[in-house]
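**Q** Here it is, the structure, as C-alpha cells.
The values are calculated or read from the model by the stated rules, or taken from the named source; none is laboratory data. Predicted model only: the values in this text are computed from it and were never measured. Cβ sites come from the backbone with ideal geometry, for glycine too, and all protein chains shown count toward neighbours. Just the protein is used for accessible areas: all its heavy atoms, side chains included, with ligands, DNA and RNA removed. Shrake-Rupley method; radii C 1.70, N 1.55, O 1.52, S 1.80 Å.
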Amino acid sequence: IRNEVVVTEPVAAPNNSRAMVMEILFEGYGVPGVATGVDALFDYATRGGRSSASAAMVIDMGNYATHVLPIVGNRMYMNGVRRVSVGGFHIADDLSHRLGMAYPVHAGVVAEAATALRDKVCYVAEDYAEELGRLWKDEDY
C-alpha cells in the first residue's frame, strides 16, 4: 500500500489491539504511515460539532456496546466516558426472543426478521419528551 492509512477505533480501545493492527499494517502491508482516531469523534467533527457547540454528548452505538462521550470545551472529557454493554445485536436478540414467543411457529426466521425490523423501524428520538408526548396523543398507540 503506497498511501498512509487512517484507522478508526472505539473510545478507550485496548493498546494491545491497536498494536496488533499497527503491526499488520506496517509489517504485513508496508504502509508508510498510520493515523488513529476515535470513530465517534470523527463523526462528531464531520457533522460540524466542533463549530456549533462547546459542550455536547456523543452516543456511539455499535453492535455489542454503546459508548457515551461527553464533549466539554470542544474536547472529549475522558473521565466522563462510559461504556454500556448493550448494542444493536442485543436489541435484535431481544426483539427476536419476543417475536419467537409471540409467533413460535416461525422461530426459524424470527432472528433474521428481528434484525431487519430493527434496522427498518427502530430509531433514537432526538427529543424524547416531544416524542413521548406525540405518542400519547396518537389514538392508535
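**Q** Any residue at all in the range 39-55 that's within 17 Å of residue 118 (Cα to Cα) and among the aromatic types (Phe, Trp, Tyr)? First the steps, then the outcome.
**A** First pass over the range 39-55, keeping only residues within 17 Å of residue 118 (Cα to Cα): none.
Among the residues of the range 39-55, not one is within 17 Å of residue 118 (Cα to Cα) and among the aromatic types (Phe, Trp, Tyr), which makes the answer no.
**Q** Tally time: how many residues in the range 14-36 are in contact (Cβ under 8 Å) with a residue 24 or more places away in the chain and either under 23 Å from residue 83 (Cβ atoms) or exposed (fewer than 12 other Cβ atoms within 10 Å of the Cβ) (or both)?
**A** The qualifying residues number 6.
**Q** Does any residue of the range 94-102 turn out to be in contact with a helix residue (DSSP H, G or I) (Cβ under 8 Å, 6 or more places away or on another chain), aliphatic (A, V, I, L, M) and over 25 Å from residue 12 (Cα atoms)?
**A** Yes, that holds for at least one residue.
**Q** Can you tell me which residue is farthest from residue 89 (Cα to Cα) among those in the range 37-78 that are open to solvent by 100 Å² or more (accessible area, probe 1.4 Å) and among the β-branched types (Val, Ile, Thr)?
**A** The residue in question is 46.
**Q** Still on this structure: Within the range 127-138, is even one residue more than 23 Å from residue 10 (Cα to Cα) and surrounded by 12 or more Cβ atoms within 10 Å (Cβ to Cβ)?
**A** Of all residues in the range 127-138, those more than 23 Å from residue 10 (Cα to Cα) come to 127-138.
Applying the additional criterion that residues be surrounded by 12 or more Cβ atoms within 10 Å (Cβ to Cβ) yields 131, 134.
Checking the range 127-138: at least one residue is more than 23 Å from residue 10 (Cα to Cα) and surrounded by 12 or more Cβ atoms within 10 Å (Cβ to Cβ).
**Q** Also, I was wondering about something else. Going by the conditions given, is residue 124 out of contact with any Lys or Arg (no Cβ under 6 Å at 6 or more places or on another chain), open to solvent by 100 Å² or more (accessible area, probe 1.4 Å), aliphatic (A, V, I, L, M) and closer than 17 Å to residue 61 by Cα? So that I can check it myself, show each step before the final result.
**A** Numbers: out of contact with any Lys or Arg (no Cβ under 6 Å at 6 or more places or on another chain): yes; open to solvent by 100 Å² or more (accessible area, probe 1.4 Å): yes; aliphatic (A, V, I, L, M): yes; closer than 17 Å to residue 61 by Cα: yes.
Yes, satisfied.
**Q** Name every residue in the range 90-112 that is of a type in the set (A, V, I, L, M, F, W, C) and over 21 Å from the mean Cα position of the chain (by Cα), in order of residue number.
**A** Of everything in the range 90-112, those that are of a type in the set (A, V, I, L, M, F, W, C) and over 21 Å from the mean Cα position of the chain (by Cα) turn out to be 99, 101, 102, 105, 107, 109, 110.
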